[in-house]
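Q: Mind looking over this structure? Questions follow.
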2 protein chains.
Amino acid sequence: MTGRRSQIESLSNPLVKRMRLLREKRHRRAEGLFLAEGLRIATEAREAGVFPAWLFLGPDGAAHPLAQALVADTMAAGGEVIDTTAAILSKLSGKDNPQTIVGIYAEPATTLAAIDRNAAPIWLVAERLRDPGNLGTMLRTGDAVGAGGLILLGDSTDPYGVEAVRASMGAIFTQRLVQARWDAFLPWLRSGQGELVATWLGDDSVDYQAVRYAAPTFILVGNESQGLPADYAAAADVRVKMPMLGKADSLNAAVAAAVMAYEVLNQRRR
Amino acid sequence: MTGRRSQIESLSNPLVKRMRLLREKRHRRAEGLFLAEGLRIATEAREAGVFPAWLFLGPDGAAHPLAQALVADTMAAGGEVIDTTAAILSKLSGKDNPQTIVGIYAEPATTLAAIDRNAAPIWLVAERLRDPGNLGTMLRTGDAVGAGGLILLGDSTDPYGVEAVRASMGAIFTQRLVQARWDAFLPWLRSGQGELVATWLGDDSVDYQAVRYAAPTFILVGNESQGLPADYAAAADVRVKMPMLGKADSLNAAVAAAVMAYEVLNQRRR
């Protein structure tokens, strides 16, 4: 399979018009595609064996050796490489100073049933996550700690939005990503191995370092402003809290997930 | 000292016009004031003994008992409480659905010389931090781990911007905040006790759990996209790294600071 290389210079080109709409969630859903900007993320994708369906290159887009490798591999994988103008990159990215590369990728549709939970010792689970920066940061942290992926419960921000993709620093391509309802997640979890650990500041919570975690550990964090619903926390195998020495009663959701994930990882490497 | 309570209903009121400009950095600098939205943050400020110079209350702004306490304490501290309309709160906050409370606070001007480094075992230090969400999150983490404050080196995003203040969840009022140049910071650091710990993925970095940290520990994290300059890392007492098991070569800056800060805290509570 070999892809094509073409050139687009017209701002009114139909493909450009279509791809710029991917900045909106409903168009991403309709197309099953999302947009990732910059050589760095595209290179992370490439190293994970994921290639864009379309790769837009600005005037200096192919100057870097990594960009040349990306072009070659994208075409070898059947994608289309499009040499284009800075104005078109601006239009695609919605920015005055766009990156020199924009990749259009297929959204991988992953389900709980498709996950091999024993493939990784840690999984992150977030409930109604609202902030795309937090979502991307959790993916990035998951990659760092050797997690298998991120399970999003309920109505979360779109993981394929530009800001979440950017904050993931490429981990959107290496971490499994599942969107599920709690009603489906809990039976799935109980159908196999796995410990559900809720970050929860209740009276029955124990210090997060006082627990010996069993793999696979599912680390559950709640919505940024409301935390977890009480029944979610109650359904967990254990409820844990980090010491909070100051006035604040909670950590940022992505920070809480990271502090927990590193504790689980640190126990495993002792 | 007792403050005033007044009413403003005109969108063209001069005070409203002046205060809405505080969403811009140059006006914050000129006025020495910043804007914090919402009862939750204003209550954190109040609990830290910090009261607004002006407190704008929407139609339902004083309904909550905490808001009533805030009104009383603001006036007792000499501030002005202003009953106003939803339209004016929208104008102040720049949002269609504003919070019912907007406080205008004085920016505390803190210098290195004014810091008592031995007042806290942990200090966070960030270099050219660009993202206001990261900055606010670091303040929030600092509060949680009992840090003394955040020292911003070089040209960072404005800590008094609305997004940073919001992400701090009130920790902007409990953490000391200093903006300094590296050239001033390093001699100040060396003029007293303190260990400078750089997060750095170099060959001479050691595992972050292999070090026994000495108080006060200054945790240094670098710019989001470029990391620390090599000479900053070289000047540190120790360079540490977290395990990175995946494809990514770094953590989000606020996450790195938090994982480090909890390690230092955990060692202290053993």
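The values are calculated or read from the model by the stated rules, or taken from the named source; none is laboratory data. Given the structure is predicted, the values throughout are model-derived calculations rather than measurements. When we count neighbours, we look across all protein chains shown, and the Cβ atoms used for this are built from the backbone with ideal geometry, even at glycine.
Q: Can you tell me which residue among B:VAL259, B:VAL264 is at the interface with chain A (Cβ under 10 Å from one of its Cβ atoms), among the β-branched types (Val, Ile, Thr) and in a helix (DSSP H, G or I)?
A: Testing whether each residue is at the interface with chain A (Cβ under 10 Å from one of its Cβ atoms), among the β-branched types (Val, Ile, Thr) and in a helix (DSSP H, G or I) leaves just B:VAL259.
Q: Consider the range A:208-247. How many of its residues are hydroxyl-bearing (Ser, Thr, Tyr) and under 21 Å from the mean Cα position of the chain (by Cα)?
A: 2
Q: Assuming B:VAL50 fulfils every condition listed in (1) at pLDDT below 95; (2) surrounded by 15 or more Cβ atoms within 10 Å (Cβ to Cβ); (3) assigned to a loop (DSSP other than H, G, I, E, B) apart from one, which condition is it?
A: Of the numbered conditions (1) at pLDDT below 95; (2) surrounded by 15 or more Cβ atoms within 10 Å (Cβ to Cβ); (3) assigned to a loop (DSSP other than H, G, I, E, B), the odd one out for B:VAL50 is (1).
Q: Could you grab me the full set of residues in the range B:137-167 that are more than 16 Å from B:VAL178 (Cβ to Cβ) and not charged (D, E, K, R)?
A: Of everything in the range B:137-167, those that are more than 16 Å from B:VAL178 (Cβ to Cβ) and not charged (D, E, K, R) turn out to be B:THR137, B:THR141, B:ALA144, B:VAL145, B:GLY146, B:GLY161, B:VAL162, B:VAL165, B:ALA167.
Q: Answer yes or no: is there a residue in the range B:98-119 that is modelled with pLDDT under 95 and within 14 Å of another protein chain (Cβ to nearest Cβ).
A: Checked against the condition, which is being modelled with pLDDT under 95 and within 14 Å of another protein chain (Cβ to nearest Cβ), the range B:98-119 yields at least one hit.
Q: Would you mention how many residues in the range B:241-250 are out of contact with any Ser or Thr (no Cβ under 6 Å at 6 or more places or on another chain) and either aromatic (Phe, Trp, Tyr) or touching a residue at least 12 places away in the same chain (Cβ under 8 Å) (or both)?
A: Residues in the range B:241-250 being out of contact with any Ser or Thr (no Cβ under 6 Å at 6 or more places or on another chain) and either aromatic (Phe, Trp, Tyr) or touching a residue at least 12 places away in the same chain (Cβ under 8 Å) (or both): 5 in total.
Q: Continuing with this model, one more query. Among (1) of a type outside the set (Phe, Trp, Tyr); (2) modelled with pLDDT under 95; (3) buried (at least 16 other Cβ atoms within 10 Å of the Cβ); (4) farther than 25 Å from B:ASP143 by Cα, where does B:LEU57 come up short?
A: B:LEU57 satisfies all of (1) of a type outside the set (Phe, Trp, Tyr); (2) modelled with pLDDT under 95; (3) buried (at least 16 other Cβ atoms within 10 Å of the Cβ); (4) farther than 25 Å from B:ASP143 by Cα except (2).
Q: When you look at B:ASP249, is it within 26 Å of A:VAL264 (Cβ to Cβ) and among the acidic types (Asp, Glu), yes or no?
A: Criteria met by B:ASP249.
Q: Further, regarding this structure: Working only within the range A:195-222, note down all residues that are assigned to a loop (DSSP other than H, G, I, E, B) and free of Cβ contacts under 8 Å to residues at least 40 places away in the same chain.
A: Scanning the range A:195-222 gives A:GLY202, A:ASP203, A:ASP204, A:SER205, A:ALA210, A:VAL211, A:ALA214.
Q: Of the residues that sit in the range A:225-256 and are of a type in the set (Val, Ile, Thr) and more than 16 Å from B:GLU263 (Cβ to Cβ), which one is farthest from the other protein chains (Cβ to nearest Cβ)?
A: A:VAL238
Q: Of the conditions (1) under 18 Å from A:THR100 (Cα atoms); (2) not in a helix (DSSP H, G or I); (3) not charged (D, E, K, R), A:THR2 fails just one. Which one is it?
A: Evaluating A:THR2 over (1) under 18 Å from A:THR100 (Cα atoms); (2) not in a helix (DSSP H, G or I); (3) not charged (D, E, K, R) leaves (1) as the failure.
Q: Let me ask something else. Across the range B:24-39, what is the total count of residues that are surrounded by fewer than 16 Cβ atoms within 10 Å (Cβ to Cβ) and either touching a residue at least 60 places away in the same chain (Cβ under 8 Å) or under 14 Å from the mean Cα position of the chain (by Cα) (or both)?
A: 2
Q: A further question on this structure: Among B:VAL197, B:VAL178, which is the only one that is crowded, with 21+ Cβ neighbours inside 10 Å, farther than 30 Å from A:GLN226 by Cα, away from every other protein chain (no Cβ under 14 Å) and more than 14 Å from the chain's Cα centre (by Cα)?
A: B:VAL197
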